[in-house]
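Read the structure below first, then the notes.
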Amino acid sequence: METKHLDQKTAWIGFSPAGWINEARHLNGISHAFPSGVTESYNKSAFMGLYPLALDYLGIPPMVMVKIMIALQIGLIAWAFISLARALKPDASPDLLFILALLVIASNAREMNLARFAASFFDGLYYIIADAMRIFALARVIKKQYLSAGVFLLASFLSHLTMGMNAALFIAAMLITPSHLLRGKSLWAGAAIFVLGALAWLFYSISPSDITGQGFPHDLWINLTRMMTYHWYPVDFGVFTSLHQTRFAQFLGFCLLIAYYLTRVRPIPRINLRLLAAFAAMALLIGLGIFYSVHTVSVTLIKLCLARASDMIVNVGLVVVVLGLDEDINSENYWISPLALAVLISPFYSVSGHPGWPVLVSLSLTLPAFRRAIKGPDRKTADTAIALGAVLIIALLFLYQATGMGRAFMSPAYTGGKEFLKTASILGGCLLIAALLARLPTPWLKLLPRAVVFMTCLVLAVSWLGEQGISRKKQKTYTAYQDVQVWANRNTAPDSLFLVDPSLGAGWREYSNRASWGTAREWLYYSWLYSSNYSLFKEGANRLKTLGINFKKYLAYDPPLKGWMKLRRRVKNRFNAMDDKWRMKLARRYGIDYFVVQKRLFRSPTRMPVVYQNDFFMVLAANLPCLPSPAGR
């Protein structure tokens, strides 16, 4: 959830529609200004085109429009998941649908993407819109409304190419059966809408170098992206090994729950079999993505980030699992019911970005299949597969422990932690008491178990929302940085060029509407990532050299991200140790007007005029005469 402290985080992190519009319309034309790379990315999303339209025709500033879009995102994604739940279970109760919406917008339930992309990321960009549109499309497919499904799927693709493509493959895996391929014109019409629209948008928005990275040395491109990206190389990042407890362990237990709930009804409904086929297709994509992130033979396949297909498993699986948990909670089995409630509330109770779904608690819900697989007279192949899956997951957890990568048994990833188990036990006891009371002849008492579950989820969701946001220390720093940007906007010429501390990220252009000489991450990564512009990278590397730093020595670290952390620290130390002679030489060479430094890090005496300062930042003017004696700090 990114809505708390939105303005401050936007000023610090950047990548906002305001920065994009400022850069595209004004800042890129300023001499020696360095691009952030956001233009190349956002121009490929048709959804982002709403921002300049709102500004030009309605006079709505981008930062105001962001808030409108966030409200739209929250409403659409909740509605989309409710639509999918109704498509799978038309008689789903209103309270259950509301709980599902809470899980989507007010919990960490979907934070299991194996490529480490966030799901509950309401920031006014295109991700949530692409997600909502593809969920709507799937709901329409299940209802056999193929024409509108094609429109929704195209809307997802136009918002985010990869997310729309993954959804198209998911739906195709559901529908590739002889009976469907020969049935009805609406299916072919819906497919034509999507395919023709997608091809037209590809030709309009994508150039060959965007996909292939042509012109950029292959090995250098691989090494730089390994060092800088958080998403494309999950093996290097330790998602499946040292950091398995952040999402992978929970993802495995979650997938087993999906399979369990889809196969426990006998005979297995046709729609469940089709969903299993689609989940298998996504698993294949994930496997290919992992393989090509290790065997880096193709820049195109790395950019596609096939491991991102895990979010389709999580999104659709969330509906399947919540519907199954609801059945378990309201069952007559008094040991399954509290366990199901514990799993349902776990995403609300999760901490530090963990998704909930503790793997051992999730596995415990599949014990009926395990029991049937061992001695049940009605044993089916699905039961044996579920039991084998549970055994393999537990064996993997033991392997993590044996190799020193495991965590304590009471960790959030495995059991949810002591506090979670204590809370879940108390709430489970309340649910059992409510279930016993519901047996009494009083009519209203029959609603008591559902009321307990509903109120529990509502209170925990509100509590989760209250815990989001940034620390007080970060609030002060981010606010101070925003104040610098506002000052620059009001007190400097529109064509001024600023050299902001290059150890910072991409935030600067949002509130200042002033050009930046770039930061280390922009020089070595953001600016050329989507265009593969080698000339731009070389210019960025030359700017890094002005600090006396060569990036090449940092490419050899294992894990690669450690190299970036060390490089960033080196940039921070070098920039803040530089003297006035270095600053003035750079200013004359590149036309830099102002330097923005962090006061607590700035170590060198300066005679440059301090034209603005607050508790955290200081602005030095290079276009004014220096003071006659050292000003100190």
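The values are calculated or read from the model by the stated rules, or taken from the named source; none is laboratory data. Quick caveat, the model's predicted, so the values are computed rather than measured. When we count neighbours, we look across all protein chains shown, and the Cβ atoms used for this are built from the backbone with ideal geometry, even at glycine. These area figures cover heavy atoms from the full protein model, side chains too; ligands, DNA and RNA do not enter into them. Shrake-Rupley method; radii C 1.70, N 1.55, O 1.52, S 1.80 Å.
In the chain, helices alone account for a calculated mean residue ellipticity at 222 nm of -19000 deg cm²/dmol, with every DSSP H run of four or more residues adding -39,500 (n - 2.57). Working from Cα pairs under 8 Å separated by at least six residues, relative contact order for the range 68-468 is 20 percent. Among the listed pairs 67/473; 9/44; 4/552; 418/562; 552/585; 303/418, a Cα-Cα separation exceeding 29 Å is found for 4/552; 418/562; 303/418. Think of each Lys and Arg Cβ as +1 and each Asp and Glu Cβ as -1; about the Cα centre, that makes the dipole of the chain roughly 1040 debye. Phi angles of the range 528-535 translate, via the Karplus equation with coefficients 6.51, -1.76, 1.60 and θ = phi - 60°, into HN-Hα couplings of 10, 4, 8, 9, 6, 7, 5, 4 Hz per residue; Gly and Pro are given as x. Computed from point charges on the beta carbon alone (+1 for Lys and Arg, -1 for Asp and Glu), the dipole magnitude for the range 376-481 about its Cα centre is near 380 Debye. For Kirkwood radius over Cα pairs in Å, pick the label among (i) 26.7; (ii) 24.8; (iii) 33.2 that corresponds to the value derived from the coordinates. Correct label is (i).
Residues whose amide H falls under 5 Å from that of residue 516, counting only those 5 or more places apart or on a different chain, are 34, 498, with hydrogens built in the peptide plane. Computed from backbone phi, the HN-Hα couplings of the range 598-605 come to 8, 4, 6, 9, 5, 10, 8, x Hz, rounded to whole numbers (Karplus: 6.51 cos²θ - 1.76 cosθ + 1.60, θ = phi - 60°; Gly and Pro given as x). The value of relative contact order for the range 216-360, using C-alpha pairs under 8 Å at least six residues apart, is 27 percent.
Across the range 109-119, rounded Karplus estimates of 3J(HN,Hα) from the backbone phi angles (6.51 cos²θ - 1.76 cosθ + 1.60, θ = phi - 60°) give 4, 9, 7, 10, 5, 6, 8, 6, 7, 6, 10 Hz, Gly and Pro being marked x.
Summed over the residues of the range 68-468 and divided among them, the accessible surface reaches 41 Å² per residue at a probe radius of 1.4 Å. Taking R0 as 51 Å, what's the FRET efficiency between residue 426 and residue 231 from their Cβ-Cβ distance, rounded to 0.05? The pair residue 426/residue 231 has a calculated efficiency of 0.85.
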